[in-house]
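See below for the structure under consideration.
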Amino acid sequence: MKVQEIMTKDVITIDAGAKVREAAALLRKNRIGGLPVTDSGELVGIITETDIVSLLKTEEISDDLWLPSPLEVIELPIREYINWQKTKHALQNIGDREVRSVMAMPVVTVAADADIEEAAAVMMREDIARVPVVRGEKLVGIITRADIVKGVGTVRESSTDSQGGE
């Protein structure tokens, strides 16, 4: 079975200059886990839920400041202030960042006429759940692990039906 037989053809994309907030809204609205990223119509990357969630990582609490015991009274407020500043920085409004600063690139793709086994191998090798599908340089679809499972199920049902009819 070929990738083009089971891929999603109406691909939802986002422009590289769009804000992360817009990408998150598209993911949520369409109940999808990733968006191919384009720049002037050309596929340049992909942004996923994981990329967005990873922006929320905070630095570890600072314990590098330690003053002698008599000064602990002023050290604790200073340590708390430093930790608060780190937390504020980590929680800056990530929604205003451009997608291009967060997306994965170069983007891994698969050809529309490739076998689904090849697409599955790419996903396993790269540890990704979705792959944009191209015909030449043009984005023509996207295939996910779920699409491959459905495709394998369809092939199995077809072969079972043809065997049962003999």
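Go through region 31-56 residue by residue and tally those that are assigned to a helix (DSSP H, G or I) and either without any contact (Cβ under 8 Å) to a residue 24 or more places away in the chain or surrounded by fewer than 17 Cβ atoms within 10 Å (Cβ to Cβ) (or both). I'd like the intermediate steps shown before the answer.
From region 31-56, those assigned to a helix (DSSP H, G or I) are 49-54; that's our starting set.
Of the ones still in play, those that are also either without any contact (Cβ under 8 Å) to a residue 24 or more places away in the chain or surrounded by fewer than 17 Cβ atoms within 10 Å (Cβ to Cβ) (or both) are 49-50, 53-54.
Qualifying residue count, region 31-56: 4.
Applying the condition of being under 25 Å from Gly151 (Cα atoms) and surrounded by 14 or more Cβ atoms within 10 Å (Cβ to Cβ) to region 6-30 and asking which residue is nearest to the chain's Cα centre (by Cα) yields Leu27.
Yes/no matrix, rows are residues, columns are (1) of a type outside the set (A, V, I, L, M, F, W, C); (2) at pLDDT 70 or above; (3) within 30 Å of Asp127 (Cβ to Cβ); (4) in contact with a helix residue (DSSP H, G or I) (Cβ under 6 Å, 6 or more places away or on another chain):
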position: Pro36; (1), (2), (3), (4): yes, yes, yes, no
position: Val44; (1), (2), (3), (4): no, yes, yes, no
position: Asp51; (1), (2), (3), (4): yes, yes, yes, no
position: Ile61; (1), (2), (3), (4): no, no, no, yes
position: Pro70; (1), (2), (3), (4): yes, no, no, no
position: Ile74; (1), (2), (3), (4): no, no, no, no
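Within region 95-110, the set of residues being surrounded by 14 or more Cβ atoms within 10 Å (Cβ to Cβ) and part of a helix (DSSP H, G or I) comprises Gly95, Val99, Arg100.
Can you find, within region 123-154, the residue that is modelled with the lowest pLDDT among those that are within 18 Å of Val37 (Cβ to Cβ) and surrounded by fewer than 16 Cβ atoms within 10 Å (Cβ to Cβ)?
Filtering region 123-154 for residues within 18 Å of Val37 (Cβ to Cβ) gives 126, 128-134, 137-144.
With the extra rule that they be surrounded by fewer than 16 Cβ atoms within 10 Å (Cβ to Cβ), the set shrinks to 126, 129, 137-138.
Working: Glu126: 95, Ala129: 95, Glu137: 87, Lys138: 93.
Among those residues, the one meeting the criterion is Glu137.
How about region 6-30: which of its residues are within 17 Å of Thr109 (Cβ to Cβ) and assigned to a helix (DSSP H, G or I)? I'd like the intermediate steps shown before the answer.
The first filter runs over region 6-30 and keeps only residues within 17 Å of Thr109 (Cβ to Cβ), leaving 6-9, 11-14, 16.
Within region 6-30, Ile6 is the sole residue that qualifies.
The values are calculated or read from the model by the stated rules, or taken from the named source; none is laboratory data. The structure displayed is predicted, hence computed values, not measured ones. Here Cβ is always computed from backbone atoms with ideal geometry, including for glycine, and neighbour counts include all displayed protein chains.
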